[in-house]
1. Starting from region 1-29, keep only residues that are at pLDDT below 95, then list their pairs with residues that are outside any helix (DSSP H, G or I) and surrounded by 16 or more Cβ atoms within 10 Å (Cβ to Cβ) whose Cβ atoms are within a distance under 6 Å, requiring at least 6 positions of separation or different chains.
2. Look through Lys32, Lys60 and report the one residue that is loosely packed, with under 13 Cβ neighbours inside 10 Å, more than 13 Å from Ile107 (Cα to Cα) and either touching a helix residue (DSSP H, G or I) at 6+ places or on another chain (Cβ under 6 Å) or not β-branched (Val, Ile, Thr) (or both).
3. Check Leu96 against each of (1) exposed (fewer than 15 other Cβ atoms within 10 Å of the Cβ); (2) modelled with pLDDT under 95 and name the one condition it does not meet.
4. Does Glu101 satisfy the condition of being over 10 Å from the mean Cα position of the chain (by Cα), over 13 Å from Ala17 (Cβ atoms), of a type in the set (Asp, Glu) and in a helix (DSSP H, G or I)?
5. How about region 57-79: which of its residues are closer than 17 Å to Asp7 by Cβ and touching a residue at least 40 places away in the same chain (Cβ under 8 Å)?
6. Testing Glu92 on (1) in a helix (DSSP H, G or I); (2) over 13 Å from the mean Cα position of the chain (by Cα), one condition comes back false. Which one is that?
7. One residue is enough: does region 49-56 have a residue meeting the conditions part of a helix (DSSP H, G or I), over 15 Å from Gly10 (Cα atoms) and either touching a strand residue (DSSP E or B) at 6+ places or on another chain (Cβ under 7 Å) or without any contact (Cβ under 8 Å) to a residue 24 or more places away in the chain (or both)?
Amino acid sequence: MDTYQFDFLGGLHFLSAILAMILGAFVLFNKKGGQTHVRAGYAYAAMMLILNITALLIYKLFGKFGPFHIAAVISLVTLLGGIIPAYLRKPEKTWLEFHYEFMNWSIIGLYAAF
């Protein structure tokens, strides 16, 4: 890979992290369940997906799969654990609890990584 590709990935990674932190705080501190929450939540999820995918593509620090890649995989699990139950509304009686818990861990992980 050439230097430009690394610079592009790093820049995209940084930008998606900043936007995810802003969107995550917005979702966290505003009214839940409305159209604004859903739209901001999907935007947060998109930024987190970009953030984690770019994290998995960056090998400049260690030259191999390292601890930050493991953190990205954990982050993806918490994100998907929060999005999938909300999107599918399943399991029927506990989807909201799953959504709440996993999305909280997603944002905690994001701010901890920051």
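1. As it stands, the answer is Leu9/Ile58, since those pairs meet every condition given.
2. Checking each option against the conditions leaves just Lys60.
3. All conditions are met except number (2).
4. yes
5. Leu57, Ile58, Lys60, listed by residue number.
6. Looking at each condition in turn, Glu92 falls short on (1).
7. The answer is no; no qualifying residue exists.
So that you can scan it fast, the table gives a plain yes or no per residue for (1) more than 14 Å from the chain's Cα centre (by Cα); (2) modelled with pLDDT of 95 or more:
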| residue | (1), (2) |
| --- | --- |
| Thr36 | yes, yes |
| Arg39 | yes, yes |
| Tyr42 | no, yes |
| Ala46 | no, yes |
| Tyr59 | yes, no |
| Phe62 | yes, no |
| Phe65 | yes, no |
| Val73 | no, yes |
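The values are calculated or read from the model by the stated rules, or taken from the named source; none is laboratory data. As the structure is a prediction and not an experimental result, all values here were calculated from the model. Every residue, glycine among them, receives a Cβ derived from its backbone with ideal geometry; neighbour counts consider all protein chains shown.
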